[in-house]
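Below is one structure; the comments refer to it alone.
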Amino acid sequence: MSENSNQFLDALKEMQGVEVGDIVDVEVLDVEDGQIDVGVINAGVEGVITHREFTSDRNANLRELVKPGDTFKALVLRRAGGDKENGEFFFSVTRLKEREAFDKLQKDFEEGNPIEGTVTSSVRGGLLVDVGTRGFLPASLISNRYVSDLKPYIGKTMKLKITEIDPNKNRLILSHKDLVEEEREEAFDNVASQLVVGDVVEGKVSRLTNFGAFIDVGGVDGLVHISEISYKHVDKPSDVLKVGQDVKVKVIGIDNDRHRISLSIKQTEPSPFEQATSGLNEGDIFEGEVKSLTNFGAFVEVTDGIQGLVHVSEISTKHVDKPSDVLKVGQTVKVKVLNVDPSERRISLSIKAADSNASSEESSRPRRPRNDNSVNKKYMSNDDNGFALGDIIGDQLKDRK
């Protein structure tokens with residue numbers, strides 16, 4: 001037998017049958033506009049790979065991607081038609097890559113591993129992402145915040161987590177929100193472990209809403225409610241703050257269960273009460289104007305907008321039934337500071353103690369113990385002037401009856 005005959009027999013022995021679903025090695029025979037002609041190596045079988053079965057890029061030029069003589073693996077899709085044995089087949093490279101990608105993705109899904117993918121386009125309801133195969137990222141799972149514009153994400157590489165996978169249905173659902181939440185919880189635990197209520201720290205305004213400002217403190221956002229931005233009234237946080245602005249904040253609450261940090265900007269600064277009374281000390285004597293009268297005492301202006309209470313028992317050494325019996329609104333009186341409580345924003349005053357003669361007489365006279373603080377707290381609110389308007393008006397109405 002000739003040498004050529006032996007070589008032919010050897011080639012026949014090496015030929016393998018080709019079945020639908022097989023993964024085979026192919027060689028490029030020719031490249032046309034819409035397809036690639038290939039032959040299965042050592043099988044004597046030829047077939048075609050259409051444009052869409054070679055690349056998902058519709059604009060790609062096949063002649064720039066492959067040339068005759070190139071070899072690679074392909075998936076046998078189906079016969080091209082006809083009854084002849086070893087007839088032509090259709091092959092696919094993209095579906096082979098998808099099958100290989102799904103095998104890896106299935107493992108990542110089972111082990112909970114994060115993956116990376118590139119956003120290729122936006123569709124109704126979300127984004128299409130290339131992760132070796134095509135996955136869908138719903139708009140609701142892009143971020144832990146509402147996303148209205150999807151276009152800025154196109155072309156970006158994102159870290160993702162697989163929430164659902166079904167190779168048979170070519171179904172792959174992805175989430176970026178899950179990773180954001182996990183990273184946020186981890187960051188919260190790290191930052192919260194280093195903070196205690198009362199700490200004053202530096203932060204940066206990261207986001208503004210109608211109800212407050214979110215401040216980045218060490219990589220975690222804490223909320224400054226609108227009521228904690230300033231001692232003055234604030235209509236909108238954006239009126240006084242800007243995104244990116246550096247601010248000093250006080251930690252006023254840490255909720256480990258809900259992963260929330262409550263902050264205050266105004267509490268890092270002296271309150272109007274503290275500013276107004278910074279030079280006021282217990283024992284000081286000064287003149288003030290009577291601003292209002294109630295059944296339980298008189299309110300005397302200490303400084304602009306700040307009033308102190310002269311309890312009815314501190315008006316005179318003599319018994320006083322009603323403050324209005326001995327005092328009038330607008331009257332100037334001399335008072336002595338008995339107590340200044342910055343935490344409660346309370347000032348207790350005395351007219352009788354400011355009278356040196358009355359004070360000396362009173363010192364030799366036994367007095368019944370009295371708890372001034374209990375009286376103050378009963379009739380004073382948390383406003384900077386220290387008193388509840390409802391109580392004042394209420395007592396005045398009682399006087400008219």
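The values are calculated or read from the model by the stated rules, or taken from the named source; none is laboratory data. Quantities reported herein were computed from a predicted structural model and do not represent experimental measurements. Because the Cβ atoms are built from the backbone with ideal geometry, glycine has one as well, and the counts that use them run over all protein chains shown. Ligands, DNA and RNA are stripped out before the accessible areas are found, and what is left, the full protein with its side chains, is counted by its heavy atoms. Shrake-Rupley method; radii C 1.70, N 1.55, O 1.52, S 1.80 Å.
Structure summary
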read-out	value
The range 302-326, subset over 27 Å from residue 279 (Cα atoms) and open to solvent by less than 30 Å² (accessible area, probe 1.4 Å), residue nearest to the chain's Cα centre (by Cα)	323
Test: residue in the range 226-238 that is touching a residue at least 40 places away in the same chain (Cβ under 8 Å) and crowded, with 19+ Cβ neighbours inside 10 Å	no
Strands (runs of 3 or more DSSP E) within the range 236-355 that include 1 or more residues of a type in the set (Phe, Trp, Tyr)	285-293, 297-303
Qualifying residue in the range 358-377 (condition: open to solvent by less than 40 Å² (accessible area, probe 1.4 Å), under 25 Å from residue 271 (Cβ atoms) and modelled with pLDDT under 90)	yes
Test result for residue 89, surrounded by 12 or more Cβ atoms within 10 Å (Cβ to Cβ), in contact (Cβ under 8 Å) with a residue 60 or more places away in the chain and within 19 Å of residue 39 (Cα to Cα)	yes
Of residues in the range 126-150 being out of contact with any helix residue (DSSP H, G or I) (no Cβ under 8 Å at 6 or more places or on another chain) and part of a loop (DSSP other than H, G, I, E, B), the one modelled with the highest pLDDT	149
Condition check for residue 348: touching a His at 6+ places or on another chain (Cβ under 9 Å) and either closer than 28 Å to residue 231 by Cα or surrounded by 18 or more Cβ atoms within 10 Å (Cβ to Cβ) (or both)	yes
Restricting the range 56-84 to residues that are touching a Ser or Thr at 6+ places or on another chain (Cβ under 8 Å) and surrounded by fewer than 17 Cβ atoms within 10 Å (Cβ to Cβ), the residue that is modelled with the highest pLDDT	65
The lone exception for residue 133 - which of (1) touching a Phe, Trp or Tyr at 6+ places or on another chain (Cβ under 7 Å); (2) open to solvent by less than 90 Å² (accessible area, probe 1.4 Å); (3) touching a residue at least 40 places away in the same chain (Cβ under 8 Å) it fails	(3)
Which listed residue, of 188, 214, is of a type in the set (Phe, Trp, Tyr), at pLDDT 90 or above and either open to solvent by less than 50 Å² (accessible area, probe 1.4 Å) or not in a helix (DSSP H, G or I) (or both)	214
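Matching residues to (1) open to solvent by 50 Å² or more (accessible area, probe 1.4 Å); (2) modelled with pLDDT of 90 or more; (3) within 52 Å of the chain's Cα centre (by Cα); (4) not hydroxyl-bearing (Ser, Thr, Tyr):
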residue	(1), (2), (3), (4)
8	yes, no, no, yes
33	yes, no, yes, yes
40	no, yes, no, yes
48	no, yes, no, yes
52	yes, no, yes, yes
